[in-house]
1. So GLY151 passes all but one of these: (1) at pLDDT below 95; (2) surrounded by 15 or more Cβ atoms within 10 Å (Cβ to Cβ). Which condition number does it fail?
2. Which one of these is free of Cβ contacts under 8 Å to residues at least 24 places away in the same chain, within 9 Å of ligand 1 (Cβ to nearest atom) and either of a type in the set (A, V, I, L, M, F, W, C) or closer than 27 Å to TYR237 by Cα (or both): LYS153, LYS145?
3. Out of GLU180, GLU173, GLU204, I need the residue that is surrounded by 15 or more Cβ atoms within 10 Å (Cβ to Cβ), more than 24 Å from ASN78 (Cα to Cα) and touching a residue at least 60 places away in the same chain (Cβ under 8 Å). Which one?
4. Could you tell me whether ASP16 is over 20 Å from the mean Cα position of the chain (by Cα) and in a helix (DSSP H, G or I)?
5. So is GLY169 outside the structural domain of PRO114 (by TED's automatic domain parsing) and among the small types (Gly, Ala, Ser) or not?
6. Would you call ARG199 of a type in the set (D, E, K, R) and within 16 Å of the chain's Cα centre (by Cα)?
7. Tell me yes or no: at least one residue of segment 115-128 is closer than 21 Å to LYS88 by Cα and modelled with pLDDT of 95 or more.
8. For the condition within 19 Å of GLY194 (Cβ to Cβ), within 19 Å of the chain's Cα centre (by Cα) and among the acidic types (Asp, Glu), what is the one hit in GLU267, GLU281, GLU305?
Amino acid sequence: MKKIGILFGKERSFPDAFVKRVNEKNVEGIMAEPVHIDKVMQGESSGYAVIIDRISQDIPFYRAFLKNAAISGTAVINNPFWWSADEKFFNNALATKIDVPVPKTVIIPSSTMPPDTSGESFSNLAYPLDWNSIFNYIGFPAYMKPHAGGGWKSVYKVANADDFFAKHGETGELVMMLQEEIVFEQYYRCYCIGGKHVRIMPYEPRNPHHLRYVSDFNPGEELHQLMTDIVIRLCHYLGYDFNTVELAVRDGIPYAIDFGNPAPDAEVTSVGQENFDWVVETAANYAIERALLHEDGKDNLTWGEYVKRSAARMKLY
Ligand SMILES: Nc1ncnc2c1ncn2[C@@H]1O[C@H](COP(=O)(O)OP(=O)(O)O)[C@@H](O)[C@H]1O
Ligand SMILES: [Mg+2]
């Protein structure tokens, strides 16, 4: 029996529907259940062929459990090693290398020094930074947001240099990115499951939360295809199995805004019933596919093209 587990936090709609849907399919040798943990011993199998992780980004204990499960053969979705390593600024840099349009972005040292550091720890950093060049490059208004974060937390729109310095002063130890504003005519949030199944959801971020998936954006065939290609390319390079990519369309060009989400929002109350049904069905089929491909004790994780190509090059030396 290949077991598929789901690890989750406060959310209920997606995990319950996912387990139910996998089991309804009655695939021989496959069953799904909520992950149950009562001890974690180094190097010991979790007992699951596949685990869908919806919460370890918030619970470091779970992240350690999942890495131990992975080295013992579990296909963890998403790969916990990769998303522990990446962050938004790196992902933007990667996008620039694979021809995916992204807003101009710079990274800024944290306003407050990290614990146990002092001025001496920053000898390599110019003070002040070359703000003129930075502001000329980004322009105003601009967005400022944490390089590792999500859920719209600490996302600021800044009007000018003074506003930037004032708001940056509120961000404590967070490392922030300053980013060109994309004044968009359309916006899409795109699910990508298994690096191949894409659902492009019109999304109006300027609406109140419960109405964000209600909009009359309609991409047309050409833009739809372009966005699908971008979404798949990003997910392949990053190695995310279960991700959302946000695209802001300006002058017909889709700019990737937010595209590394270890556990993208799938609540029925936010994405709406039709999108929810698609996510449940696609995730159930994909988890079953991965469980059927699962090989005992092997590395069953997905690694992105960025890592795979680096590893392949290493073999030449
Ligand atoms: N560069 C940008 N241009 C225009 N709007 C942006 C930009 N960056 C962020 N936003 C707006 O802010 C929202 C939250 O930012 P996002 O990068 O998605 O952060 P989070 O990971 O917290 O969701 C986006 O959905 C979008 O509406
Ligand atoms: Mg977002």
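1. With (1) at pLDDT below 95; (2) surrounded by 15 or more Cβ atoms within 10 Å (Cβ to Cβ) applied to GLY151, the lone miss is (2).
2. LYS153
3. Result of the check over GLU180, GLU173, GLU204: GLU180.
4. Yes; evaluated as a whole, the condition is true for this residue.
5. no
6. Yes: the conditions hold for ARG199.
7. no
8. One residue alone meets the criteria, GLU305.
The values are calculated or read from the model by the stated rules, or taken from the named source; none is laboratory data. Keep in mind it's a predicted model, so treat the numbers as computed, not measured. Cβ coordinates were reconstructed from backbone atoms using ideal geometry, including for glycine residues, and neighbour counts include every protein chain displayed.
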